[in-house]
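Worksheet: the structure to be examined is printed underneath.
The values are calculated or read from the model by the stated rules, or taken from the named source; none is laboratory data. Note that the coordinates shown come from a computational prediction; the quantities given were computed from them, not determined experimentally. Virtual Cβ from ideal backbone geometry, glycine too; neighbours counted across all protein chains shown. With ligands, DNA and RNA removed, areas are computed over all heavy atoms of the protein, side chains included. Shrake-Rupley method; radii C 1.70, N 1.55, O 1.52, S 1.80 Å.
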Amino acid sequence: MTGQLAASQPYTTRFETTVTGVDGREVRLETSYFYAESGGQPSDRGTVGDVPVVDVQHRHGEHVHTLAEEPAFDEGSAVLCEVDWTFRMYCMRAHTASHVLYGAARRLCDDLGYGGFGIDEEKVRVDLTTSSDVTDETLVELERLANMAVWESREVGWKSVPLSELRDDEFVAFNTKTEEGVFEGADEVRVVTVGEGDVVPGEPRERPWDVAACGGTHVRNTREIGPVTLLSRSNPGEGMTRVEFAVGERGIEHRAAEKRAVLDAGRELDAAPADLAEAATRLSGQVEALESELSSARRRLVESALAAADPFERDGATWLVATVEGVEANDCREPLQASAGRDADVVVAVGESGGTFVAVASGPEHDASAVVETVTADYGGGGGGSGSFAQGGGIDASPARVAEGLGGAGS
């Protein structure tokens with residue numbers, strides 16, 4: 001039976017051992033330093049006797065190595081095994097970084113709890129439960145604190161601790177669901193500690209950055225993690241905050257992409273990176289002002305079209321029908337409602353915006369929605385609204401034709 005030797009000796013990546021079983025592509029070894037998938041960390045890659053390993057699982061106390069193809073060797077053969085160091089080191093960095101991030105969250109979030117963890121090739125996720133509101137500002141501070149812990153070159157260690165001691169220590173991140181392999185039938189649990197920074201003579205030692213029950217592979221010092229780049233936050237479930245980040249080479253690539261985006265934005269806004277927020281706020285205000293001016297101009301176009309139209313009598317009521325250009329149906333609402341009951345009993349605007357539309361307002365004795373229903377029944381499309389205002393779109397006729405059909409001049 002082999003345990004997770006990879007977790008206790010993560011820097012061991014080349015070893016010789018004896019094959020104890022072969023079943024098609026599944027191989028068992030007398031000793032294995034391959035990490036078996038567990039607790040959100042993927043299995044190691046590598047080779048057994050020059051045959052690529054595509055998966056490793058822990059079954060009934062043994063590591064089962066699934067190879068890319070059936071091997072030529074048999075049970076009892078001696079084989080040379082190699083763990084893919086690049087991927088192993090990536091997982092070591094990523095897993096240790098998750099502990100560093102959780103340690104940062106301890107310093108920022110209230111009622112913190114651990115809800116899950118996962119590594120993929122592009123990013124790492126940590127799920128947190130907290131009563132604190134995790135904002136963009138929190139995300140920035142999490143990244144800053146995590147990278148400070150990396151910069152401080154804090155030692156990382158692991159040892160077995162009696163399970164009874166762990167359950168009484170509120171400081172230890174402890175999640176039986178996500179670390180089933182660690183706790184299953186165990187009297188002792190493997191604990192990973194991200195320790196203090198440099199000890200200053202004469203000053204009290206601080207509590208470790210983070211302590212967690214964990215069966216994964218880790219680096220020996222936080223400096224080996226490299227840069228930690230926070231990517232996003234989301235809410236996968238009630239009371240849960242998911243933080244995603246990148247480490248190592250991927251963290252550098254994301255950081256470079258962010259820097260390029262900041263510099264591009266600064267060039268477009270003619271602002272230094274530190275002034276981008278102020279420049280964006282200023283630009284947003286300018287856009288809002290322009291949109292307001294444009295909306296007012298469109299309403300004036302509708303008002304001008306209505307003023308130029310001649311009222312006529314229809315079904316015992318006074319109607320006013322105008323065709324409008326350069327506006328949308330929503331631009332017509334205020335001018336039509338202001339005109340309805342004052343200039344005519346029923347006021348209609350017909351225009352084109354991605355298709356012919358009709359907008360209708362009416363006084364209290366008439367039904368605007370009934371007019372829209374009549375138009376869409378004659379020319380297709382659909383719409384709706386209330387008795388005082390309604391609109392329709394997707395009409396299969398020109399604005400002039402619809403206006404003429406209602407009894408207006410059509411131009």
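Calculate what fraction, in whole %, of the accessible area of segment 257-370 sits on carbon and sulfur atoms when a 1.4 Å probe is rolled over the protein chains. Reported share for carbon and sulfur atoms: 48 percent.
With q set to 0.18, 0.21, 0.22 Å⁻¹, the log10 of I(q)/I(0) for segment 264-322, from the Debye formula over equal scatterers at the Cα positions, is -0.73, -0.83, -0.85. State the antiparallel share, in %, of DSSP beta bridges confined to segment 252-360, rounding to the nearest 5. DSSP beta bridges in segment 252-360 are roughly 55 percent antiparallel. Estimated translational diffusion coefficient (Stokes-Einstein, Kirkwood radius over Cα pairs, 10 °C, 1.306 mPa s) of segment 312-411: 124 µm² per second. With a cut-off of 13 Å, note down the residues of segment 5-25 whose backbone N falls inside the zone around a label point 7 Å from the Cα of W85 toward its beta carbon. Counting backbone N atoms under 13 Å from the label point, the list is 11-15.
If you put +1 on each Lys and Arg Cβ and -1 on each Asp and Glu Cβ, how big is the dipole of the chain around its Cα centre, in Debye rounded to 20? The partial results should precede the final answer.
Working: 36 positive and 73 negative charges, 158 e Å.
My answer is approximately 760 debye.
Modelled label positions at E122 and D110, each set 7 Å beyond Cα in the direction of Cβ, lie 3.6 nm from each other. The Cα center of segment 94-149 and the Cα center of segment 15-64 differ in position by 31 Å.
Taking the inverse of the mean reciprocal distance over all distinct Cα pairs, the Kirkwood hydrodynamic radius of the chain comes to 27.2 Å.
Once you list every other residue whose beta carbon is under 14 Å from the beta carbon of G383, what net charge do they have if Lys and Arg are +1 and Asp and Glu are -1?
Around G383, the charge tally is -4.
Helices in the chain, meaning DSSP H runs of at least 4 residues, each add -39500 (n - 2.57). Divided by all residues, the mean residue ellipticity at 222 nm is -10500 deg cm²/dmol.
Once neighbouring chains are kept in place and the probe is 1.4 Å, which whole percent of the accessible area of segment 85-153 is contributed by carbon and sulfur?
Numbers: 1380 of 2850 Å².
The value for segment 85-153 is 49 percent carbon and sulfur by accessible area.
In the context of the full set of protein chains, the chain has a per residue accessible area of 51 Å² (1.4 Å probe). Taking every alpha-carbon pair under 8 Å whose residues sit at least 6 apart, the chain reaches a relative contact order of 10 percent. Here the Kirkwood formula puts the hydrodynamic radius of segment 366-411 at 10.6 Å, using every distinct Cα pair. Tell me, what is the FRET efficiency for A274 and D133 to the nearest 0.05, using R0 = 25 angstrom and their Cβ-Cβ distance as r? After rounding to 0.05, the efficiency reads 0.50.
For S232 and V54, what does the FRET efficiency come to when R0 = 22 Å and r is the distance between their Cβ atoms, rounded to the nearest 0.05? Display every interim value, and only then the final one.
Values: r = 30 Å, r/R0 = 1.35.
Computed FRET efficiency for S232 and V54: 0.15.
First measure r as the distance between the Cβ atoms of E258 and M148, then evaluate 1/(1 + (r/R0)^6) with R0 = 22 Å and state the FRET efficiency to the nearest 0.05.
The calculated FRET efficiency here is 0.75.
Its Cα gyration tensor gives segment 230-304 an equivalent ellipsoid, and the semi-axes of that ellipsoid, as √(5λ) in whole Å with the largest first, are 38, 21, 10. Normalised radius of gyration (Cα atoms, divided by 2.2 N^0.38 Å) for segment 1-144: 1.28.
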